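Peer 1: Have a look at the structure that comes next, please.
All of the numbers you see were taken from the coordinates with simple rules; none came from a lab. Predicted model only: the values in this text are computed from it and were never measured. Positions of Cβ are generated from backbone atoms using ideal geometry, with glycine treated the same way; all protein chains shown enter the neighbour counts.
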């Protein structure tokens, strides 16, 4: 989620890229058990962790161009002429101290921001998370997830404690191992899914927050440019291009060949609300015999 301060009224920037028409019914029915507890303190804290850079405010959905949005917002926080967002190094922009927390701002001030959110096909987002965090892991993801998955689903023991050694040894879970981990009820026993593969609706609370714009990774450049145009920033900053090796929807079938159909259906049930709320079709080619 991103919140941007603009001088005009927020309604002037409302797009028809908003939530699927089914969303109100979903929020009123199948999501009600989830929405009501969201008013309790732990969920309020989640909302308060939306972070800011001065007048530009954001809430990240990982694996949906979050690096480039961080770069763009950091650039906009500089004096004009704004620097090229691509000039900010990848790891540098992800340091937590680059942003302030939304809870540091008075509640009345928070109401004067345009809120926008970019989403992605849920299964494509999972593939991207696997490629980034299971194949190109760092020490954090090796300790907390890769080793756990290798031990639980590949029965590998006496694993090295050093992620660099592990990568040199070619240690990594298969994509199916990753899906098994998500499907395993034990995974969320002690903590929620890691944000890179947590359901998008659990990260951005679409039934609690009225977004002014919901864009899509699949039309990222067009949607980002339209947003910058509406905010009268199209001549001031250019949204960075997508990576050439970005996971595409066309590759989904290849990735899921190793996943049994029944497990694909279980996975869909976990992410079904994301498909429905954000206008993504049910992938019948993966789920139906």
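Peer 1: If I model a spin label at residue 190 and residue 160 as a point 7 Å from the Cα along the Cα→Cβ vector, what separation in nanometres do I get?
Peer 2: About 2.5 nm separates the two model spin labels.
Peer 1: For an R0 of 30 angstrom, estimate the FRET efficiency from the Cβ-Cβ distance between residue 209 and residue 288 and round to the nearest 0.05.
Peer 2: Computed FRET efficiency for residue 209 and residue 288: 0.30.
Peer 1: What number, in nm² with one decimal, is the all-direction average of the projected area of the convex hull of the alpha-carbon atoms of the range 224-289?
Peer 2: Average of the hull's projected areas for the range 224-289 equals 6.4 nm².
Peer 1: Kindly provide the Kirkwood hydrodynamic radius of the range 137-289 in Å, to one decimal, from all pairs of distinct alpha carbon atoms.
Peer 2: 18.5
Peer 1: Once the piece of chain linking residue 219 and residue 107 is laid out straight, how much longer is it, given 0.36 nm per residue of separation minus the C-alpha distance between them?
Peer 2: Full extension from residue 219 to residue 107 adds 37.0 nm.
Peer 1: Neighbour counts of other C-beta atoms within 10 Å: give me 114, 72, 189, 229 arranged from fewest to most.
Peer 2: Fewest-to-most ranking of 114, 72, 189, 229: 189, 229, 114, 72.
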